[in-house]
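The values are calculated or read from the model by the stated rules, or taken from the named source; none is laboratory data. Quantities reported herein were computed from a predicted structural model and do not represent experimental measurements. All Cβ positions, even for glycine, are placed from backbone atoms using ideal geometry, and neighbour counts span all protein chains on display. Quick note on the areas: whole protein, heavy atoms, side chains included, nothing else; ligands and nucleic acids left out. Shrake-Rupley method; radii C 1.70, N 1.55, O 1.52, S 1.80 Å.
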Amino acid sequence: MTDIVFKNFKLLDPEVGTLESGQQVRVSGNTIAEVSPSVDHSPDAEIIDLGDRTLMPGLIDCHNHISREILAGPPSMLPSLSAARTSSVLHDMLMRGFTTLRDAAGADLGHKEAVEKGYFVGPRLFVAGKSISQTGGHGDHRVRADQSEPCACVHLGPGIGRVADGISEVRKAVRDEIRLGADQIKMMASGGIASASDPIDQLQYSTEEMEAIVDEAARSNTYVMAHAYPDAAIRRCVEAGVRTIEHGNMLGPETAKLMAEKGAYLVPTLVAFRCIQRYGPETGYNDEQMEKNEKVLAAGTQALLVAKEAGVKVAFGTDIAFWHEHQCEEFLIRGEVLEPIDIIRSATIIGAEVVRMVGRLGVVKPDAFADLIVVDGNPLDDLGLFQDQGAHIPVIMANGKLVKNALIG
Ligand code: ZN
Ligand code: ZN
């Protein structure tokens, strides 16, 4: 494969937070080989003139679900159809500029390998397999009237959760997810919106169970991401050693301080609640679920400000399971209270920390993976450039491959 050289662009380095002209980037294989004012390259290298556009690292979404039966009840599609749908979801996500996705339950090693082997064209994946949930917790897919035991029909179906209670069951569940290829372990630590029988403020899992889940993950050199809305649930997670708090809508200042001290990350997912508000009923959300959504929606962008004040590192997440075309509205919602550079850092360098790929993802530097996007304008001034399904992103490179180049022809 010949090298690719990008020239004539403004570099957006999220660490610096400004645009810088005068650099060139040489990509060799799937890696950024050189960033300098005049890169060395062989005569047969492919030169791409970016016409003074902005070159920046590809975006990282740290909480989404690409393959998901989100609502309680029996599975609604065969695994084959689910995989086909996922392929299209991944393609469209990459075309919006997301070159990395941390899936927050539902996607498995098969999806990840499908991207790596080129069967699916999509972002680099970090998968969680099934989330671990207590009986009646957010990952228990049974409706209230269902009196059957959770079984293989739940565990092996396309649902996102598996039920495990007590120390030995949760240890076994984590071990099994790691056996199945999970990159990180997802735990349900409070009530949720889509599940049938758990109020939002329910504190799920005992301290001992949480600690056992964290211990199992740590001994396999991975970590726990936990779904939690109420402040008390977030606090319990952080005290038990959970590394990333998902949603975190009701985060209070004291807990935020603890998160900052412990180096825990917050991954808000604000666009999901707005989408449920708009499209929930027509998608099958019942009145009870819509009421739960109102509760977390009311907290709005508050957690972003609480986290910023306490110095908590915040990653970019969206949690869109049905309405992926709205994924990038998360930029605009956060833009209501934060500066564009804060949000861009969340979606690049902090995302890279979350997936434990510092220096390899979220940066345009030698030895990083060649995950790059080119933007028609300056995103530091206009987050609208991330809207419209990638219309303002004419070039996308994922793992060294040009998956979009609208500058040709
Ligand atoms: Zn959740
Ligand atoms: Zn989620």
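Do you know which residues across the range 240-272 are part of a helix (DSSP H, G or I) and under 15 Å from residue 304 (Cβ atoms)? Selection gives 253, 255, 256, 259, 260, 270, 271, 272. Check the range 30-38 and report whether any residue there is hydroxyl-bearing (Ser, Thr, Tyr) and open to solvent by 50 Å² or more (accessible area, probe 1.4 Å). So far as the range 30-38 goes, yes, one or more of its residues are hydroxyl-bearing (Ser, Thr, Tyr) and open to solvent by 50 Å² or more (accessible area, probe 1.4 Å). Is there a residue in the range 183-193 that is open to solvent by less than 20 Å² (accessible area, probe 1.4 Å), within 15 Å of ligand 2 (Cβ to nearest atom), out of contact with any helix residue (DSSP H, G or I) (no Cβ under 9 Å at 6 or more places or on another chain) and modelled with pLDDT of 95 or more? Within the range 183-193, one or more residues are open to solvent by less than 20 Å² (accessible area, probe 1.4 Å), within 15 Å of ligand 2 (Cβ to nearest atom), out of contact with any helix residue (DSSP H, G or I) (no Cβ under 9 Å at 6 or more places or on another chain) and modelled with pLDDT of 95 or more.
Taking the range 240-285 as the range and being touching a Gly at 6+ places or on another chain (Cβ under 9 Å) and modelled with pLDDT under 95 as the test, only 284 passes.
Among the residues of the range 359-366, not a single one is open to solvent by 30 Å² or more (accessible area, probe 1.4 Å), within 24 Å of residue 325 (Cα to Cα) and either of a type outside the set (D, E, K, R) or part of a strand (DSSP E or B) (or both). Close Cβ contacts (under 8 Å, 6 or more residues apart or on different chains) running from residues in the range 239-261 that are among the aromatic types (Phe, Trp, Tyr) to residues that are assigned to a loop (DSSP other than H, G, I, E, B) and within 16 Å of ligand 2 (Cβ to nearest atom) are absent.
Within 26 Å of residue 285 (Cβ to Cβ), within 16 Å of ligand 1 (Cβ to nearest atom), modelled with pLDDT of 95 or more and part of a loop (DSSP other than H, G, I, E, B), is that true of residue 107? So residue 107 does not fit the description; no.
If only residues of the range 217-239 that are open to solvent by 10 Å² or more (accessible area, probe 1.4 Å) and in a helix (DSSP H, G or I) are counted, the one that is farthest from residue 166 (Cα to Cα) is 231.
Exactly one residue among 173, 196 is assigned to a helix (DSSP H, G or I), among the small types (Gly, Ala, Ser) and crowded, with 18+ Cβ neighbours inside 10 Å, and that residue is 173.
Of all residues in the range 273-315, those satisfying the criterion of being within 22 Å of residue 242 (Cα to Cα), touching a helix residue (DSSP H, G or I) at 6+ places or on another chain (Cβ under 9 Å) and either open to solvent by 30 Å² or more (accessible area, probe 1.4 Å) or assigned to a helix (DSSP H, G or I) (or both) are 296, 303, 304, 306, 307, 308, 309, 310, 311, 313. Checking each residue in the range 392-409 for being in contact with a helix residue (DSSP H, G or I) (Cβ under 9 Å, 6 or more places away or on another chain) and of a type outside the set (D, E, K, R) picks out 392, 393, 396, 398, 399, 403.
When the criteria are applied in full, residue 93 fails the requirement of being outside any helix (DSSP H, G or I) and away from ligand 1 (no atom under 16 Å from the Cβ).
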